[in-house]
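**Q** The structure under discussion is supplied below as C-alpha cells; questions concerning it will follow.
The values are calculated or read from the model by the stated rules, or taken from the named source; none is laboratory data. Computed from a predicted model, the values in this text were never measured in an experiment. Cβ placement follows ideal geometry from the backbone for every residue including glycine, while neighbour counts extend to all protein chains displayed.
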Amino acid sequence: MARAGVAAVEILGVYAHKPPVSTIRQYAKVLVGGTPASRLKRAHRELSRAVLVEALVHHPRKNFDFKFGQGGKGINSFGWDPRELTLDGRAIIEGETDMSKPCLRVAVWIHAYSPRKGLRTEYGRLPPRPILPMPERLARLVPYRPVD
C-alpha cells in the first residue's frame, strides 16, 4: 500500500496471454527470416511471453507515462497499449488520463515477461510476480492488439 501523498505503483496481477491462432498468423507475417513454419513457431513463442499487468498508480505525477517493464538499467521493455480502468476494474475509461486523481487503475501489456525478474516502473523496482490466468473481465476489456 502506498504512503499518503507518495507516488507509487501497486501491482494487482500479472496475467498470461493465450494468443489466438489468427493473431499468431498475423504476427508471423511481419517476422523476417526462416521458413513460414519457423516464423509461426517464433510468433507463438514471442506472443505467449506477453503478459497483461494490472496495477494501481497511487498519487500519479503529472508526467506519468506508463513505463512498466523489465531489464537492467532503465526500462528495456515498455508497457504496450496502456488502458485506464475504473477503480473497480470493470470498465475502460476512454480519453485522456486525469493525472489529478489520487489513484489510477491501469492495465498494460508487456512483451517478453520473465516471472523470475522484478518489474521496473518510473517510480522504482517491484518484486517478481507470478503469472496468473487472465481474468475474463480483462480478456474482454483489454484484448491484446499486436504491435504494428
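**Q** Would you say HIS58 is within 22 Å of the chain's Cα centre (by Cα), surrounded by 19 or more Cβ atoms within 10 Å (Cβ to Cβ) and not hydrophobic (A, V, I, L, M, F, W, C)? It would help to see each step written out before you state the result.
**A** On the way: within 22 Å of the chain's Cα centre (by Cα): yes; surrounded by 19 or more Cβ atoms within 10 Å (Cβ to Cβ): yes; not hydrophobic (A, V, I, L, M, F, W, C): yes.
Judged against the criteria, HIS58 is a match.
**Q** ARG120 is checked against (1) among the charged types (D, E, K, R); (2) modelled with pLDDT under 95; (3) closer than 21 Å to SER22 by Cα and fails just one. What number does that condition carry?
**A** The one condition ARG120 does not meet is (3).
**Q** Take VAL32 and decide whether it is modelled with pLDDT of 90 or more and out of contact with any helix residue (DSSP H, G or I) (no Cβ under 8 Å at 6 or more places or on another chain).
**A** no
**Q** Would you say ARG45 is part of a helix (DSSP H, G or I) and either crowded, with 17+ Cβ neighbours inside 10 Å or modelled with pLDDT of 85 or more (or both)? Write out each step before concluding.
**A** Working: part of a helix (DSSP H, G or I): yes; either crowded, with 17+ Cβ neighbours inside 10 Å or modelled with pLDDT of 85 or more (or both): yes.
So ARG45 fits the description; yes.
**Q** Identify all residues within the stretch 48-78 that are farther than 17 Å from TYR15 by Cα, among the β-branched types (Val, Ile, Thr) and at pLDDT 80 or above; write none if there are none.
**A** VAL57
**Q** Of all residues in the stretch 80-106 being exposed (fewer than 15 other Cβ atoms within 10 Å of the Cβ) and assigned to a strand (DSSP E or B), which is nearest to the chain's Cα centre (by Cα)?
**A** The residue in question is ILE92.
**Q** What are the pairs, 6+ residues apart or on separate chains, where a residue within the stretch 60-74 that is of a type outside the set (Phe, Trp, Tyr) and assigned to a strand (DSSP E or B) has its Cβ under 8 Å from a residue that is at pLDDT 75 or above and buried (at least 19 other Cβ atoms within 10 Å of the Cβ)?
**A** Pairs found: GLY69/GLY79; GLY69/ILE110; GLY69/LEU119; GLY69/ARG120.
**Q** For the stretch 10-36, how many residues are part of a helix (DSSP H, G or I) and either over 21 Å from the mean Cα position of the chain (by Cα) or without any contact (Cβ under 8 Å) to a residue 40 or more places away in the chain (or both)?
**A** Qualifying residue count, the stretch 10-36: 8.
**Q** Only one of (1) at pLDDT 90 or above; (2) among the β-branched types (Val, Ile, Thr); (3) touching a Phe, Trp or Tyr at 6+ places or on another chain (Cβ under 7 Å); (4) farther than 13 Å from LEU12 by Cβ is not met by VAL106, so which one is it?
**A** Condition (4) is where VAL106 drops out.
**Q** Consider the stretch 107-148. How many of its residues are exposed (fewer than 13 other Cβ atoms within 10 Å of the Cβ), part of a loop (DSSP other than H, G, I, E, B) and acidic (Asp, Glu)?
**A** Looking only at that region, the number is 1.
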